[in-house]
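Student: Below is a structure I'd like to ask you about.
The values are calculated or read from the model by the stated rules, or taken from the named source; none is laboratory data. Since the structure is predicted, the reported quantities are computational estimates derived from the model, not experimental observations. Because the Cβ atoms are built from the backbone with ideal geometry, glycine has one as well, and the counts that use them run over all protein chains shown. Note: accessible area is taken over every heavy atom of the protein model, side chains too, but ligands, DNA and RNA are not part of it. Shrake-Rupley method; radii C 1.70, N 1.55, O 1.52, S 1.80 Å.
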Amino acid sequence: MNKTFLLSKMILTLSFSELFKDTRAKRNAFFVFLGFLPLIVIWLYILSSIISSSIYILAPSDNEPIILGILFVLTAIITVLFSIPSVISSYYFADDMENYLTMPFHPYQLVIGKSLAPLLITYMVNLAILAPTMIFYGMATGSGILYVCLSIFIFILFPIIPFIVAALIVMLGMRYVNIAKNKDRSKVYAGIFSLVFIIGFNIIIRLNTNSNQMSQEIGSWLNQQEQLVWQVTKLFPSAYVATNTLTSSTWWMMILFLILFIVLTALALYLFITIGQRMYFKGMLGINKGGKGKKKQHIEKRIGSNPTLVTLTKKELKTIVRTPNFFMNCIVQSLFLPVFFVAMIAFDDSIGSIASFIQSSNEVNVLLTTFSITVFMLGINLTATSSISRDGQWWFTNLYIPIEPKTVIYSKVITAWIIEGISIILLGGIFLYLGVPTIPLLMWGILVTMVSWISGTLGTIIDLHYPALNWTDEQEIFKMRYIPLLSFLIQIFVFGAAILAIWRLPYFTGVWQTFLAMSVVLVIAIYLGNHLLKKAIQKHYFHML
Amino acid sequence: MIEINHVTKSFSTSKKAVDNLNLTIPAGKIFGFLGPNGAGKSTTIKMMTGILPIDEGSITINGFDITKHPIEAKKIFGYVPDSPDLFLRLKGIEYLNFIGDVYDVPSDVRQEKIAYLTKTFGIYDALNDTIQTYSHGMRQKIIVSGVLLHEPKVWILDEPLTGLDPKSSYSLKEMMREHAQKGYTVFFSTHVLEVVEQLCDEVAIINEGTLLFHGTLEEMRTKFTSDGSLEQMFLELTNHE
């Protein structure tokens, strides 16, 4: 047990060592939190009103426990979905695994050690959904101190079983399906699978429910579906037992259900350790990275020269496409949101209403709306905010080659700009399909091309200030870092303010005036961005190691 | 020629990684840089190549100051780092093309040199594979090929023979000799004292950031126990108990 603890401590320390490394990082994390505070407040407000209004409807028929039941089920499903990719990455694809494989650890010890970081992320998700739900429910039903104590127990224990389910699915999958013959390719497959799963899940939910009724009268809906919801809850024993722990009519029943819950969790842990001990190495060993060229090509034909900026940009693009974590986070996820957007409107009978909105709105509103959607989508792209960090410990190679620092950095900005261009083209296609008129669409294209450059510049500047070069697993660049959030918030606030100003001020009534005003704002932003980028290069380029 | 003038580097306030180092590495010679682990060899090489900023002093490569004229200085030398795990997602041929573009090697010269170098090192057939699939030795060979591709006048090699098979090791040593005979500079660090005895015209020994000895092997033998092996002299100098 000591060795398990030792290993877990080491893995956790390495996983989180980059986070909050210095006081400056802590301060920035605090500001990011402040930026998100309004969103958190809105989320909590919506959740609290849904719960209190549902309780109001369900209480007369003593059906209010169903609220906790359905939320436990949803939390369990979300936890499983969230955990599968991070478990695959942590168990099988993290580069530090080779270091531990040569040490005398049992497979179960490695599995436990490698579970802690993804499990902690699971707790973060649960903190956003489960904790406020239990608090609001307790407040609305006037529960006492026993409810509070039991809620704390349930919050701590609840994520463990869904996480174990995810871990077992992954371990069994890797053992028998043997998808991992090529490590790189299977990483991409796993990532795309989880995204498709999320989109598919959304579509199924939308096909089977009436979303208006869901959001407006969630309580009545639950009341009507009581039997069905309880049936579903019973399919997730932990959700069923957790609900009963918190909602039973007598204190001893509550304690009894808590003991049952602890026993269930202990059994799940036992199963996890046993299967981990037997299966983990069988799926783990023999995974290969990269791929050999399929056929011999004439080397001579592949030798040719390019300008330095082009060769650096090509190197960046190839590295992103060939590194599964980079490919998933920088390219696939930037495509995911437009596809998700289409899936949402296509399966929600919204195309007609959106098309009629576009036809009935004036061109200024259409331009501003499409522009805002695009700013949001480009804001979440992770290519720019990982520009420097992607190089990791190999950053030094940029320092001894005879290339001007600004050429290296601009190749990274261009790379982000090209990748964001994929999202722009996809979105342009969607807007065209939705009937956005030609002139606003062309204007939109010109404006968002500039936004994309600004987004690339801003992300690169921030990454130059706070690079994460000492990662052991590429995932660390994208998870557990606040930099993408910082970039996203700056873009949302800056462009949001500009859009709001142009929209509300009386001078910009026509689409051409709006377009010109926004172009001027963006050209100024590009100029400022380039100026700041050059300053950041001077200050940080040679001082990051 | 490389000139290191009063160079100092600290990573903490208490200890200097390199302390007032003065060294001239002449052209036309193979220069060995020795020292125990943590002596300051890699820090010195990183400052010479522009990877680490210099706290005090200056370093010039063929007259170009690495801090004041970094691009000009970097065009002159070729550097083999101590770990060959670089550009792993690129294919071998893509890496060599990248180096060719960075150092402006004309296409026709590239064609000829890439074939020659990679066939000499036995990695020609692997050029279409990503470097990630290469063994340690093959990675070392592709990095060395990249350096030799642009024919730098100054070679700075950090443990260049580690991981090379005997044939490739022999080829590289021959290339180092030929390069020095042409009047160019070869500076390399190593732990393997036999290689130093075989190859070096001059050596410098560093420990705890301070230069302990600089001269030819003959001068070293005169200074220390006359019949002692290089190993004995090295241990004596670095205070091995």
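Student: For the protein assembly as shown, give the magnitude of the charge dipole about the Cα centre (Cβ charges: +1 Lys/Arg, -1 Asp/Glu; no others), in debye to the nearest 20.
Tutor: The calculation lands at about 1040 debye.
Student: Pulled fully out, how much extra length does the chain show between residue B:229 and residue B:14, if you take 0.36 nm times their separation in residues and subtract their Cα-Cα distance? Before the final figure, lay out the partial values.
Tutor: Working: separation 215, 0.36 × 215 = 77.40 nm, distance 3.52 nm.
Here the answer is 73.9 nm.
Student: Can you tell me the FRET efficiency between residue B:136 and residue A:497 if r is taken as the Cβ-Cβ distance and R0 is 35 Å, rounded to the nearest 0.05? It would help to have the intermediate numbers written out before the result.
Tutor: Values: r = 54 Å, r/R0 = 1.54.
Using R0 = 35 Å, I get an efficiency of 0.05.
Student: Taking a quarter of the surface of the convex hull around the Cα atoms of the range A:410-545, what do you get in nm²? All intermediate terms of the calculation are to be shown ahead of the outcome.
Tutor: On the way: hull surface 38.7 nm².
Averaging across all directions leaves 9.7 nm² for the Cα convex hull.
Student: Starting from the eigenvalues of the Cα gyration tensor, five times each then square-rooted, give me the equivalent ellipsoid semi-axes of chain B, largest first, whole Å. Numbers along the way, then the final one.
Tutor: Numbers: eigenvalues 185, 87, 56 Å².
Taking √(5λ) for each eigenvalue gives 30, 21, 17 Å, largest first.
Student: Would you grab the residues whose amide H sits under 5 Å from the one on residue B:186? Only those 5+ places off in sequence or on another chain, please, with H modelled 1.01 Å from N.
Tutor: For residue B:186, the qualifying residues are B:28, B:29, B:31, B:155.
Student: Just give the residues from the range A:396-414 buried by at least 10 square angstrom of accessible area in the all-chains context relative to the isolated chain, probe 1.4 Å, and say none if nothing qualifies.
Tutor: Buried-area filter returns A:396, A:397, A:399, A:400, A:401, A:402, A:403, A:404.
Student: Report the calculated FRET efficiency for residue B:111 and residue A:152 (r = Cβ-Cβ distance, R0 = 56 Å), to the nearest 0.05. Don't jump to the answer; show the numbers that get you there.
Tutor: Details: r = 70 Å, r/R0 = 1.26.
It comes to 0.20.
Student: Taking the Cα centre of the range A:308-540 as origin and charging only Cβ (+1 Lys, Arg; -1 Asp, Glu), how large is the dipole, in debye to the nearest 20? Walk me through the numbers on the way to the answer.
Tutor: Numbers: 13 positive and 11 negative charges, 130 e Å.
I would put it at about 620 debye.
Student: Would you kindly derive the ³J(HN,Hα) couplings of the range B:204-214 from the backbone phi angles with the Karplus curve 6.51 cos²θ - 1.76 cosθ + 1.60 (θ = phi - 60°), listing them in order in whole Hz, with x for Gly and Pro?
Tutor: Using θ = phi - 60°, the values come out as 10, 10, 10, 8, 6, x, 10, 6, 9, 8, 8 Hz.
Student: Could you do me a favour and compute the accessible area per residue for the protein assembly as shown, 1.4 Å probe, result in Å²?
Tutor: Details: 36220 Å² over 786 residues.
On a per-residue basis, 46 Å².
Student: If R0 is 51 Å, what FRET efficiency do you get for residue B:6 and residue A:418 from their C-beta distance, rounded to 0.05? Write out the running numbers ahead of the final one.
Tutor: Values: r = 46 Å, r/R0 = 0.91.
After rounding to 0.05, the efficiency reads 0.65.
Student: Counting only protein heavy atoms and using a 1.4 Å probe, what share of the accessible area of the range B:2-237 belongs to carbon plus sulfur, as a whole percent? Working shown, then result.
Tutor: Values: 4560 of 9320 Å².
Carbon plus sulfur share of accessible area: 49 percent.
Student: Which entries of A:234/A:479; A:301/A:412; A:3/A:479; A:314/A:539; A:26/A:539 have Cα-Cα distances beyond 29 Å here?
Tutor: Numbers: A:234/A:479 34 Å; A:301/A:412 27 Å; A:3/A:479 27 Å; A:314/A:539 26 Å; A:26/A:539 21 Å.
Where the Cα-Cα span goes over 29 Å, the pairs concerned are A:234/A:479.
Student: Further question: What total accessible area, in Å², is buried where chains A and B meet, using a 1.4 Å probe and rounding to the nearest 100? Walk me through the numbers on the way to the answer.
Tutor: Values: alone 28160 and 11730 Å², together 36220 Å².
It comes to approximately 3700 Å² buried between A and B.
Student: When the helix-only estimate is applied to the protein assembly as shown (DSSP H runs of n ≥ 4, each -39,500 (n - 2.57), divided by the residue count), what is the mean residue ellipticity at 222 nm, nearest 500 deg cm²/dmol?
Tutor: Working: 32 runs with 500 residues, N = 786.
It comes out at -21000 deg cm²/dmol, rounded to the nearest 500.
Student: Further question on the same structure: Give me the net charge for the shell around residue B:145: Cβ to Cβ below 14 angstrom, other residues only, Lys and Arg +1, Asp and Glu -1. Let's see the in-between values first.
Tutor: On the way: positive: B:91, B:110, B:113, B:119, B:139, B:141; negative: B:94, B:112, B:125, B:151.
Net charge in that neighbourhood comes out at +2.
Student: Lys/Arg Cβ at +1, Asp/Glu Cβ at -1, dipole of the protein assembly as shown taken about the Cα centre: which of B:62, B:42, A:81 is farthest positive-ward?
Tutor: A:81
Student: Still on this structure, I have one more. When we measure straight from the Cα of residue B:223, which aspartates and glutamates land under 14 angstrom away, once same-chain ones fewer than 8 places off are left out?
Tutor: Within the straight-line cut-off, residue B:223 pairs with B:236.
Student: Now for a different question. Expressed as a fraction of 2.2 N^0.38 Å, the rule-of-thumb size for a compact globular protein of N residues, what is the C-alpha radius of gyration of the range A:308-540? If you can, show how the numbers build up before the last one.
Tutor: Details: Rg = 18.5 Å, N = 233, 2.2 N^0.38 = 17.5 Å.
Ratio of Rg to 2.2 N^0.38 Å for the range A:308-540: 1.06.
Student: Multiplying the sequence separation of residue A:532 and residue A:393 by 0.36 nm and subtracting their Cα-Cα distance, what value in nm do you get? Each step should come with its number before you reach the end.
Tutor: Working: separation 139, 0.36 × 139 = 50.04 nm, distance 2.50 nm.
Computed gain between residue A:532 and residue A:393 is 47.5 nm.
Student: Turning to a different aspect of this structure: Computed on alpha carbon atoms, what radius of gyration and Dmax characterise the protein assembly as shown, expressed in Å?
Tutor: 31.1, 103
Student: Output wanted: per-residue J couplings in Hz (rounded whole) for the range A:511-526, from phi through Karplus 6.51 cos²θ - 1.76 cosθ + 1.60, θ = phi - 60°, x for Gly and Pro.
Tutor: 5, 5, 4, 4, 4, 5, 4, 5, 4, 4, 4, 5, 5, 4, 4, 5
Student: For the range A:397-438, which whole-number percentage of the solvent-accessible area (1.4 Å probe, protein heavy atoms only) is attributable to carbon and sulfur atoms?
Tutor: On the way: 1060 of 1410 Å².
Here carbon and sulfur together make up 75 percent of the probe-accessible area.
Student: Something else: Report, in listed order, any pair from B:15/B:41; B:91/B:113; B:16/B:173 with a Cα-Cα distance greater than 24 Å. Don't skip to the end; give the middle numbers.
Tutor: On the way: B:15/B:41 15 Å; B:91/B:113 17 Å; B:16/B:173 33 Å.
Cα-Cα > 24 Å for B:16/B:173; rest within.
Student: Okay, next question. Whole-Hz Karplus ³J(HN,Hα) for the range A:54-62, in order, using 6.51 cos²θ - 1.76 cosθ + 1.60 and θ = phi - 60°, x for Gly and Pro?
Tutor: 5, 4, 4, 7, 7, 4, x, 9, 6
Student: Which far-off residues, 5 or more places away or on another chain, put their amide H under 5 Å from the one on residue B:130, with H placed in the peptide plane?
Tutor: A:291, A:293
Student: Right, here's the next one. Tell me the net charge near residue B:191. Cut-off is 12 Å between Cβ atoms, residue B:191 excluded, with +1 for each Lys or Arg and -1 for each Asp or Glu.
Tutor: Net charge around residue B:191: -4.
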